Structure formats: structure tokens, C-alpha cells
């Protein structure tokens, strides 16, 4: 998924409750740190994630949802 998304940061949710609780807002995170956080706590994974024909759609913004719907149609 990270390879399709381009980076681990694209899959990382900064809206997760633990993001604030752990004070991650004030830290500089690299791809390795982000990968470890996502594996440690599922709430750090931005959702929903749809992989269709080699393309990944991440999140539920209207633009992403429209693109995913068009790809599935």
C-alpha cells in the first residue's frame, strides 16, 4: 500500500486521537516512524483505503470518493 500511495505519510491519519495524546504534532516523523505507528495502532491508518487495478484511493474526501466511484463504474 505504501508503494502505491507514494509514501507512508499519505496513509497516515493525523486526526487519530493518539496523534494528539502522544504529542506527535510537535515531532518530526520520518517514513519509518510513520510505518511503525501505523502497525502499532490501527487508528493511525487513514480510512477508507481502496486498492483497485493498481491504484490506491485513500480517505473519504469528495474528490477521492468521486475518483473511486468512477474507477469502479
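Points to keep in mind about this one:
- Of the listed requirements (1) free of Cβ contacts under 8 Å to residues at least 12 places away in the same chain; (2) in contact with a helix residue (DSSP H, G or I) (Cβ under 6 Å, 6 or more places away or on another chain), residue 57 misses just one: (1).
- Only one of 63, 18 that is surrounded by fewer than 15 Cβ atoms within 10 Å (Cβ to Cβ), modelled with pLDDT under 95 and in a helix (DSSP H, G or I): 18
The values are calculated or read from the model by the stated rules, or taken from the named source; none is laboratory data. Being a predicted model, the structure only gives us computed values, none of them experimental. No Cβ is skipped: glycine too gets one built from the backbone with ideal geometry, and neighbour counts run over all protein chains shown.
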